[in-house]
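Have a look at the structure below, then the notes.
The values are calculated or read from the model by the stated rules, or taken from the named source; none is laboratory data. This is a predicted model, so every value here is computed, not measured. Here Cβ is always computed from backbone atoms with ideal geometry, including for glycine, and neighbour counts include all displayed protein chains.
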Amino acid sequence: MGALWHPFSDMGAVTQNGEFVVARGEGVYVWDTEGRRYLDATAGLWFANVGHGRQELADVAAKQMRDIAAYYTFGDVATPATVELAERLSSIAPMKDTKVFFTSGGSDSIDTALKLARRYWHEQGKPGKNIVIGRERAYHGTHVGGTALAGIPGNREGYGSLMPDAATVTWDSADALRAEISRIGADKIAAFFCEPVIGAGGVYPPPDGYLAEVRKVCRDNDILFVADEVITGYGRIGGAWFASTRFDLDPDMITTAKGLTSGYLPMGAVLIAGHIAEPFFKPGVWWRHGYTYSGHATSAAVALANLDIVEREDLLSSAARLESTLDKEVSTLAVHPAVAEVRSGFGAVAAVQMADAADVFPMIRLLRKHGVSGRAVGAGGLQISPALTMTDSEVSEMVAGFDEALRELQG
Ligand code: PMP
């Protein structure tokens, strides 16, 4: 066994069973180092929205690297690609006069939004509004703040107290949010963080009317609404660039990453509504926050080219079609006794929930045997989040792979 320590892993088991080393990708397929081909059911880690192996993204990166690979954007410094990408994101964001703060990934975006929400209230003369509320099952990355804010208890074990002033409510009830607000006091609450569709926590689409209701509760109580669209952003939700657009959420901030570059290079962005940014754009106000790679030139150039592909190939419409195809096809897997339920129907994401969580890792091995690269999601689930380019016949091939794996699992 080599030196690589895998994130989110049982390294003892990996040491025993070996690694799955992916060497190449093309469209919805990846190949391991032995040359075996797999249909990628998850688009990497929900990120490869335009599919793998796009030469034009490699070419754009190479050109930008030859011009200047990276500079920095602290103070008054920028690169042309960074400036252009900010304008582009502002133009597709659903809020008015959106400002764009770049990060290196989703966890950074969450940390940025969290600090910005608190600092916003400080600037408004309300420094007591510091508490952030998240939901059970929510995943907001693994920085200290995001780990505290998220609703996955296992991820919080063994660190002592992570971040004061974080609270958690159930994931599916606006009444629970109302009750928590009256318990804490709205004058102490900075923001509510909400994934429009819970992703890594197990793919849980929102109950009917939930999003509109919690949005209103936040507005009524002067609590910022932060939509965590690290998964749902840039088209995965179908029909629009953001779930916030599709559901008319008009959030105060949107946290993003993944689909911004389709994962070709790491990059995240926080989209900030003009009225939240406004107090920070006055002369003399400093915000001492940012990352070495905020607005990284090559990442920004690749992001622009990636968004061009999404537009040119109308992948927002493809995602909407995929939503209904997945909903129809993946739900057929529910007939297997080993499957407890299938969750789908909201964007190009789904989960196959195993009746026995212990079957998840054997299933992942069986999926690979049947030509599908899959992964665990939530507690006892298998993730489905294909590239938005996936065709109907590729969906059928993916579902057939699941079907064969489930048959073999049940013997
Ligand atoms: N928020 C959400 C909703 C996510 O799904 C993720 C990553 N899966 C993150 C934040 C963290 O992003 P990253 O892993 O890029 O830090």
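Just a few scattered comments:
- Residue match in segment 34-47 (condition: farther than 30 Å from residue 392 by Cβ and away from the ligand (no atom under 16 Å from the Cβ)): no
Conditions (1) at pLDDT 95 or above; (2) within 15 Å of residue 43 (Cα to Cα), marked per residue:
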site	(1), (2)
355	yes, no
363	yes, no
383	yes, yes
393	yes, no
401	yes, no
408	yes, no
411	no, no
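- Filtering segment 129-147 for residues that are touching a Lys or Arg at 6+ places or on another chain (Cβ under 7 Å), in the same structural domain as residue 273 (by TED's automatic domain parsing), part of a helix (DSSP H, G or I) and within 16 Å of the ligand (Cβ to nearest atom) leaves a non-empty set.
- Test: residue in segment 165-174 that is surrounded by 15 or more Cβ atoms within 10 Å (Cβ to Cβ), part of a helix (DSSP H, G or I), among the hydrophobic types (A, V, I, L, M, F, W, C) and in contact with an Asp or Glu (Cβ under 9 Å, 6 or more places away or on another chain): yes
- When the criteria are applied in full, residue 91 meets the requirement of being free of Cβ contacts under 8 Å to residues at least 24 places away in the same chain and either under 20 Å from residue 232 (Cβ atoms) or outside the structural domain of residue 203 (by TED's automatic domain parsing) (or both).
- Restricting the search to strands (runs of 3 or more DSSP E) fully inside segment 292-411 and requiring at least 3 residues that are in the same structural domain as residue 207 (by TED's automatic domain parsing), over 22 Å from residue 246 (Cβ atoms) and among the β-branched types (Val, Ile, Thr) gives an empty result.
- Meets criteria (farther than 30 Å from residue 130 by Cα and in the same structural domain as residue 138 (by TED's automatic domain parsing)) for residue 113: no
- Condition check for residue 16: more than 25 Å from the chain's Cα centre (by Cα), surrounded by 14 or more Cβ atoms within 10 Å (Cβ to Cβ) and more than 24 Å from residue 231 (Cα to Cα): no
- Strands (runs of 3 or more DSSP E) wholly inside segment 188-283 containing at least 2 residues that are within 16 Å of the ligand (Cβ to nearest atom) and over 30 Å from residue 58 (Cβ atoms): 189-194, 224-228
- The listed residues are 30, 60, 21, and the only one of them that is modelled with pLDDT of 95 or more and either within 16 Å of the ligand (Cβ to nearest atom) or touching a Lys or Arg at 6+ places or on another chain (Cβ under 8 Å) (or both) turns out to be 30.
- If the condition is being of a type in the set (S, T, N, Q) and in contact (Cβ under 8 Å) with a residue 60 or more places away in the chain, then segment 42-66 contributes 42, 49, 64.
- Subset of segment 305-337 [farther than 19 Å from residue 395 by Cα and surrounded by fewer than 17 Cβ atoms within 10 Å (Cβ to Cβ)]: 308, 311, 312, 337
- Criterion: over 28 Å from residue 239 (Cβ atoms), crowded, with 19+ Cβ neighbours inside 10 Å and either of a type outside the set (Asp, Glu) or in the same structural domain as residue 256 (by TED's automatic domain parsing) (or both) - qualifying residue of 61, 70: 61
- Every pair of residues 6+ apart whose Cβ atoms lie under 6 Å, when the first sits in segment 232-251 and is within 17 Å of residue 324 (Cβ to Cβ) and free of Cβ contacts under 8 Å to residues at least 60 places away in the same chain while the second is of a type in the set (A, V, I, L, M) and buried (at least 24 other Cβ atoms within 10 Å of the Cβ): 246/237
- Within the option set 325, 292, 298, 256, being under 27 Å from residue 134 (Cα atoms) and among the hydroxyl-bearing types (Ser, Thr, Tyr) holds for one residue only, 256.
- Inclusion of residue 382 among residues that are in contact with a strand residue (DSSP E or B) (Cβ under 9 Å, 6 or more places away or on another chain) and either over 29 Å from residue 32 (Cα atoms) or buried (at least 23 other Cβ atoms within 10 Å of the Cβ) (or both) is warranted.
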